[in-house]
Structure formats: structure tokens, C-alpha cells
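Below you'll find the structure, written out as C-alpha cells, and then a few comments.
We did not get these values from a lab; they are worked out from the coordinates using the rules stated. Note that the structure is a prediction, hence the values are computed from the model and not measured. Please note: Cβ atoms are built from the backbone with ideal geometry, for glycine as well, and neighbour counts cover all protein chains shown.
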Amino acid sequence: MNREAQPGPLDSVLYHDRSMRIGLVLHLAGQAPPLKRLIDHVRERLGQSPALSLTLVGRGTSAVWHLQPPNLEDHLGVREVPEGTNIHEVVRNLHQEPFADGRPPWTMTLVQGYSPGRYALVYRISHGIQDTGGMARTLEILFATAPVPAAASSATVRGLITPPRPTLRHRTYAVRLLAHSTAKSGLWPHPDHGYSDQWAYQWTEVPTDSLRSLAAPHHGSANDAFLATMTRAVSHWAAHGHPRHSGPGMPVTMAINLRSPALADTPGNHVTTGRFTLPGHTEPLSRTLQMAVAATTPLKQPPYREAIRRTFDSIPPWLIQASFRTLLSPKRAAACSSHFAIRHPLAYNGDPVQAIDPITALPAGAPVSALMISYEGASRAVFVTDSALPGMDRIHQVWRAEVEERPVLAQH
């Protein structure tokens, strides 16, 4: 097995941290199927998604994948709820449930009854087994309306299909980016409130075109608009709730997908992070957008993305392990941003997936972790916040107000 097919130190850290659970919620139109039919459907395609049959044995650089085919009756379940139940409240409760010991750490729950003609599939997995790209690939395998080859998968970076050879300039940029991602922000953990292991989950959505329209004048993307508006939302909160936030800049960490088509179906985390400091809400939104586009422009160019991937892969495993211990320490915490586009329509037995909600985790000390999924014209985001920070659980409302370019009410 080559190195790319083996677990990395980050996989081991996330796997053994029971709080590091992530997921996707599929909202379908139609009549909920019998659970047995859903189990049979997953069983037919199980072999195409290796991550669903794995556990991880050992820690750090000695960790190895262990093949353990799942008993699907243990992993798939049904949750019947009364009509009118808030589906997000159901997801919150489901996501609090730990994975059972001794078997692959994932579940899929069929939720039904909350609305006539609608049902949901809640897919959860340990972050040590899959990142968001891995989850997207699994859902393509299970529910895409037509087969999706690896090169066209939502999980992969198209620029890494046949990437050009990076130059010294590209490699220098990659080294600086990776080094800067472990810098202290000076803001977190909060000097007065600290941090806790109690998290609040809030979901919201905006039309994807509204994000694209914000970024278009600056030749940016929906992700640029998300990064800029999320930064400004955190800045709004910090202006009232953080004694050290005296300047206009706000550091934010953004996830960077490194999954090439060759790695489309491999387990583990093929992702790194970049740390950017962007103008906060005290400057015009156009200025924040302009700076976000400037910060992410190299990442959209295949030589830079390939340089990041090669640089990351060239780091000795022991150094990666030490770096991630540093990166995930509370003193290195920052607001976290991640965006993923699901490019292919999904359905189950003819029932279309109409929307997708994300679920993500919150690193210790970080004030907020936001993951947005764009699918079928809508961008749905989850904001996971630390309950120790008063008013932070309303940041999703501030973010949406920024996207809609309307006044933001004071949070305190």
C-alpha cells in the first residue's frame, strides 16, 4: 500500500477524537422507503466506497487502516418523528450520539414523518475516515442519478487531473502558506470566556447566485464571497464581544481541497488549510471581497495547488503529526471556513435530493466553524459555535445579513 492509501497523522488525530464527527443531510421529495430496501441499496454499492468498511488501528505515524466490512443493520436506522418536527432539531440530537465501539464509525439514519411527501437521510462519519470531499464521493456512489467518474467527481480538484510541474515560485508560496496556517491569531481562545466542549449548531441558506453576484465584480467565486462575508460576521461579533479585537483585520482559516482524481475513492483527509487575515466589517464589503479574491487567486491555479499538494506530501510523517498537534491546539485556533460544491444531481429510487445540509465539527478554542454546501442553486451553511461565547450562536444571522447587504443588528 502506498503512502497515499495509508492514514496520515491528521486522520489518526481526528479518528480518536470522538467529537470530530461530520456529515451531510440529504432532503428528499417522495415517500420514505422501507429501511430494508435502503439497506439493500447501500449493500449493492458498498464495495465502491472503501471508507465505509474501515476502522483505524494505532495512533499517529503507526496507525493503519483495518478492513472491517460493516453489518449494515447496525449502521442504518430509522427515526420516526411527529409531523411538524423541526428537522434540524432532529439532526442536532442525532449528531450528539457517539459511534459504537468496535465497528466502522459511520451511520445513516432515515428520518421520516416530519413533513408529508418528504424525508431525510442523515449521513455521519468520523472525520478521521473521511473529509467533506470523501463524503461527497460516497454520496455520489450511493445516490448519483448517473455514474460519476473520478475525474468528474465533486470530491476532486479538476486542476489536479494533469497538473503542471510547479516552479520554485509555486513551491515557495506553498511553504509559506502551510507555515502561516499554524500561526497564533492572538484572539483565541477568548481571554474572558475561554472555550468549552458545548457546541451550538445553526443552519441557514442563501441562493448560490447571490454569492456569485457579490464576488463577480471582483472576478471572484461563491467561495470568495462566503469567505469574505463569514469573516465580516465574525468581525461584527468581535467588535462587541472581544477585548483584543482592536484592528480592522480578522484572521480566518480556510480549508483547501487536495484530492486528485487518483485519490477520489481513498479514505482519510486530503485537505490542508490556509490562514488569511481579511478586512472586517469596519471597511466596505467591496474591500473585504477584493482582499478575499486576492488571497485565494493562487489556489485556483493548478501549479500552486499542485505545489501545495507536493509540499504537504513531502513533509515527514513525524513532522506532520507535530504540526497538526500545533495546528489543532487552542492557541492556534481561528474562525474556520469551508465550502464545497456538489456538482451532480442525487436521488434515491427516483426521489430527488432537493437540498443538502452540512454538519461539521469545531476545533478546540475556535469560536466558529462554518461549512457551506452548494447544490442545485442553493448554498446551505452550518455554523457550529462555542456555547461559551455569548451571542456567537446568532452569527449565522449576521452572515446572512452580510450576504444580503442589509444592516446588521448589534449582537449584545
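Structure notes:
- Of every Cα-Cα pair in the range 79-126, the percent that sits beyond 17 Å: 35
- Since only T172, Q397, A264 are under comparison, the one whose Cα sits farthest along the positive direction of the charge dipole of the chain, derived from C-beta charges on Lys, Arg, Asp and Glu, is T172.
- Here the convex hull built on the C-alpha positions of the range 110-179 has a volume of 148 cubic angstrom per residue.
- Computed lengthening from E205 to T172, 0.36 nm per intervening residue step minus Cα-Cα distance: 8.1 nm
- Cross-link partners of K331 among lysines (Cα-Cα below 28 Å; sequence separation of 8 or more within a chain): K184
- Subtracting the Cα-Cα distance of V64 and A216 from their residue separation scaled by 0.36 nm leaves 50.2 nm.
- Rg/Rg_globular for the chain, with Rg_globular taken as 2.2 N^0.38 Å and Rg from C-alpha atoms: 0.94
- The magnitude of the dipole of the range 255-402, with charges of +1 and -1 set on the Cβ of Lys/Arg and Asp/Glu and taken from the Cα centre, is near 480 debye.
- Protection proxy ranking of 33-44, 272-283, 333-344, 54-65 - average other beta-carbon atoms within 10 Å, highest first: 333-344, 272-283, 54-65, 33-44
- Per-pair calculated FRET efficiency, R0 = 25 Å: R18 and Q48 via Cβ, rounded to 0.05: 0.35
- Rounded to the nearest 20, the size of the Cβ-charge dipole of the chain about its Cα centre is 1340 debye, with Lys and Arg at +1 and Asp and Glu at -1.
- This model, with +1 at the C-beta of Lys and Arg and -1 at the C-beta of Asp and Glu, gives the range 44-120 a dipole about its Cα centre of some 260 debye.
- Relative contact order of the range 242-294, pairs being alpha-carbon contacts under 8 Å that are 6 or more residues apart, as %: 39
- The range 143-203: translational diffusion in µm²/s, Stokes-Einstein, Kirkwood Rh over Cα pairs, 4 °C, 1.567 mPa s: 77
- Computed over Cα pairs, the Kirkwood radius of the range 55-162 leads via Stokes-Einstein (0.692 mPa s, 37 °C) to a diffusion coefficient of 202 µm² per second.
- Within a Gaussian network of the chain (alpha carbon springs, distance under 10 Å), most fluctuating of D265, D393, D192: D192
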